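Trainee: The structure is given below, and queries will be raised subsequently.
The values are calculated or read from the model by the stated rules, or taken from the named source; none is laboratory data. Here the structure is a predicted model, which means the values were calculated and not measured. Don't worry about glycine lacking a Cβ; one is built from the backbone with ideal geometry, like all the others, and counts go over all protein chains shown.
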Amino acid sequence: MAFRIRDASGTSLWAGATLRSPGGEARAIAPEAVRFTPRRTWKSPRTGTLYPVAMDISIDGRDWRVEPLMDDQELDASATIGTLYWEGAARVTGPGGRTGRAYLELTGYARPLPF
């Protein structure tokens, strides 16, 4: 699991990650050892919002590539909770070419969150 919290300008305020071994042992990763690098963006045809849907994530010197299963996974919850965001299924490729499933959530790209 990896995350990044950004300020209004898009600069990282905080990041973190946890790596879990096949045996189930979890190891927390320090914020300075987690880097997100957008590789590709997708622009919503409905809202015009540009989302960085494909990412390279470096966690403690190990590299992971996250790619959405499909680009159009934007959710408009403006009428209920006031947010417009992208979330959805993705594929992840990790060290040694191992692949798996991932979930990616991207908030704050359309406009600042209302809270």
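Trainee: Report, by residue number, each residue of the range 64-91 that is at pLDDT below 95, aliphatic (A, V, I, L, M) and surrounded by 14 or more Cβ atoms within 10 Å (Cβ to Cβ).
Mentor: L84, the sole residue that qualifies.
Trainee: One residue is enough: does the range 78-91 have a residue meeting the conditions among the acidic types (D, E) and in contact (Cβ under 8 Å) with a residue 24 or more places away in the chain?
Mentor: no
Trainee: Pairs, please: C-beta under 7 Å, at least 6 apart or cross-chain, first residue more than 19 Å from L69 (Cα to Cα) and free of Cβ contacts under 8 Å to residues at least 40 places away in the same chain and in the range 31-45, second surrounded by 12 or more Cβ atoms within 10 Å (Cβ to Cβ) and among the hydroxyl-bearing types (S, T, Y)?
Mentor: R35/S58
Trainee: Quickly run through the range 1-49 and pick out the residues that are among the aromatic types (F, W, Y) and more than 24 Å from Q73 (Cα to Cα).
Mentor: Passing the criteria: only W14.
Trainee: P112 versus (1) exposed (fewer than 13 other Cβ atoms within 10 Å of the Cβ); (2) part of a loop (DSSP other than H, G, I, E, B); (3) in contact with a strand residue (DSSP E or B) (Cβ under 8 Å, 6 or more places away or on another chain); (4) at pLDDT below 95: which is the lone unmet condition?
Mentor: Answer for P112: the failing condition is (3).
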